[in-house]
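Remarks on the structure that follows.
What follows draws every value from the coordinates through simple rules; no lab data is involved. Nothing here was measured: the structure is a model prediction, and the numbers come from that model. Virtual Cβ from ideal backbone geometry, glycine too; neighbours counted across all protein chains shown.
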Amino acid sequence: MEFKGEKYNSATKEPGDDMREETERLRKENEEKIRKMKERSEQRDREEAEKKEEERKKQSEKYSQPFPERPLHAETIDPKKYTKEMRDADLGYLHEWFEYVTGRTAWLIDELFVLSKRKMEAAKTLEELDEIRKWTHATKDQLYKDRDAFRNELHKKMEKVKKIYLYKRDPEKDEEEKERQKEKEAEQKFGVLSSNILGKLKAYDFSSFKDPKWKAKAGEYARDISTLSATGMYDGKKYQKWSEKMDGLHKINERVQDFLRRADEARRKANPGGNGGNGGGQPGPEKPNGTESDKEKAERIALQELGISNGEYRDVISSVSAMSERELIGLITKVLQCVNEKSEIKKAYRKWALEWHPDTRKTKLGIGVNEIKFKIANNLYGEYMKRFDK
C-alpha cells in the first residue's frame, strides 16, 4: 500500500528520498527563520542601545547645565499691581524648575548606577564590592533627599505667589513686620523692667553697710543691665534680639531680687533691735532676729502653694507689664491651674477669685495667704485681659 505524497520502502520501513528531501528543506527553512529572527532581535537591541545612548547624551547636555534662574514677578512687582498673567508666568516658571529638578535627579541616579557598575567590574574582593554597594545606596538616598528638600522650597515659592496674587500683599513681609513689632514691644518691655530694676538698686540705702562690697555688687548689677542693653552680652552669652535680651534681663532681675533680700537679712542681723548694732544706724526689724513677720510668712506659704518663685512673685507685683507673653501665660496657667485657652482661663479666674477674695472671710491661717494669692491672680489676669481680650 502506498501513501499519497511519499514513497515508502516496505522492506526497511524507512521513508524514501522524497521524504528526506522534504525534511531537509523544512530544516533549512527553520534555520533561516531562526537566523532572521536573531538578526532582527540584534538589530532591535542595537537600535534600542543607540536610542538610549542618544537620550543619555541629550539628558547630559540638558542636566549638566544649571537651570536658568530669573527673579519672579512676585519678587520685583508691587503686590497691588501683581496681575493674573504675572501669577501664571511665575507658576509656569516654577513648575518648569520643579520638572527640571525631578529630571536631573533621575539623570544623576542613572549616571550613578553606570559608574557603580564600572567600579564593581573593576573590584577584586568581596569587601570592595560591599563598599561600592554601600556607597551607591548612600549616594542615591542623598540625591533623593536633596531633590525633596529643593522641591519643598519650590512649593513654598508657589504658595507665596498664590497668596500675593490673592491678598495683594507679601506674606513674608507681613511676617517680617510682625517680627519687627514683637521686637519693638520687647524693647519697650526691656526698658520698663530695666528701669524698675535700676530704680530698686538706686533706692536701696547701702550707707549703713560697713562692707563696701554690697554697694559695689549693686553697681555691678547696674552695669550688667547697661551692657546687656548696649551689646547683648550677659553672663558669657550673646543675646541678639530684644526678645532674647529679655530672657537675660529676667535672669538679672532674679539675682537682684535675691541680692536685695539678702541685703535686708544682713541689715536685720546687724540691727536686731533697731538701735544701732554692727551695721550702724539702720532701724531693725519689727520682730526679733530669726523670726518671720506675718507678711513674710504669708508670702512664703502663698508662693509655696502656688508653686512660683520669689522672683516671679516680685515681677508679678512690680513689673507684670514687662513680662513676655510666654512668661505671662506660663504663670497664669500655673497659678490658676488651667490650660492656655481664653475660656478656661476666665473660668479658672472666677473660681479662684471667689475662693481667695478677702470678702469671703476665708483668710488662711489668719495671716493673709489668700489675699496674696488673690493679688497675684488679679495682677496676672488683669494683664492677660489687656493683651488678649480685644
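Taking Cα atoms, how many degrees apart are the long axis of helix 342-356 and the longest axis of the chain, rounded to 10 and kept between 0 and 90?
The angle comes out at about 30 degrees.
Which residues among region 158-184 fall inside the zone where the amide N is under 14 Å from a point 7 Å beyond the Cα of residue 95, along Cα→Cβ?
158-159, 162
Amide H to amide H, which residues 5 or more places from residue 309 or on other chains are under 5 Å from it, using H placed in the peptide plane?
none
Among 372-378, 255-261, 108-114, 163-169, what's the highest-first ranking by average C-beta atoms within 10 angstrom per residue?
On the way: 372-378: 21.0, 255-261: 17.7, 108-114: 14.1, 163-169: 15.7.
With the highest mean Cβ count within 10 Å placed first, the list reads 372-378, 255-261, 163-169, 108-114.
Once Rg and Dmax of the Cα atoms in Å is worked out from the coordinates, which option in (i) 28.0, 119; (ii) 43.1, 156; (iii) 21.6, 66 does it equal?
Of the labelled values, this structure produces (ii).
So, by mean Cβ neighbours within 10 angstrom, what's the order for 140-150, 224-234, 308-318 with the highest one leading? All intermediate terms of the calculation are to be shown ahead of the outcome.
Values: 140-150: 12.8, 224-234: 15.8, 308-318: 18.1.
Top of the packing list down: 308-318, 224-234, 140-150.
Given a Förster distance of 45 angstrom, what is the FRET efficiency for residue 76 paired with residue 47, based on the Cβ-Cβ distance and rounded to 0.05?
Details: r = 49 Å, r/R0 = 1.08.
Working from the Cβ atoms, E equals 0.40.
Pairs to check: 51/145; 160/237; 81/241; 62/140. Give those whose C-alpha atoms are more than 27 Å from each other in this structure.
Working: 51/145 30 Å; 160/237 36 Å; 81/241 34 Å; 62/140 20 Å.
With Cα atoms farther than 27 Å apart: 51/145; 160/237; 81/241.
Efficiency by 1/(1 + (r/R0)^6): what FRET value for residue 144 and residue 67, r their Cβ-Cβ distance, R0 = 22 Å, to the nearest 0.05?
Values: r = 18 Å, r/R0 = 0.84.
It comes out at approximately 0.75.
So which aspartates and glutamates can residue 182 reach, going by Cα to Cα under 19 Å and dropping same-chain residues fewer than 8 places off?
The reachable aspartates and glutamates, counting only those whose Cα sits under 19 Å from residue 182, are 170, 172, 174, 244, 247, 325, 327, 383, 389.
Given the Cα-Cα distance of residue 124 and residue 192 and 0.36 nm per residue of separation, how much length would full extension add, in nm?
17.1 nm
For region 82-87, just list the computed ³J(HN,Hα) in residue order, Karplus coefficients 6.51, -1.76 and 1.60, θ = phi - 60°, integers in Hz, with x standing in for Gly and Pro.
These are the phi-based 3J(HN,Hα) values: 7, 9, 4, 5, 5, 4 Hz.
Given a Förster distance of 41 angstrom, what is the FRET efficiency for residue 137 paired with residue 54, based on the Cβ-Cβ distance and rounded to 0.05?
Working: r = 29 Å, r/R0 = 0.71.
Step by step, r from the Cβ atoms, then E = 0.90.
So what is the relative contact order for the chain, in percent, with contacts set as C-alpha pairs under 8 Å and at least six apart? If you can, show how the numbers build up before the last one.
Values: 291 pairs, mean separation 37.2, N = 390.
That works out to 10 percent.
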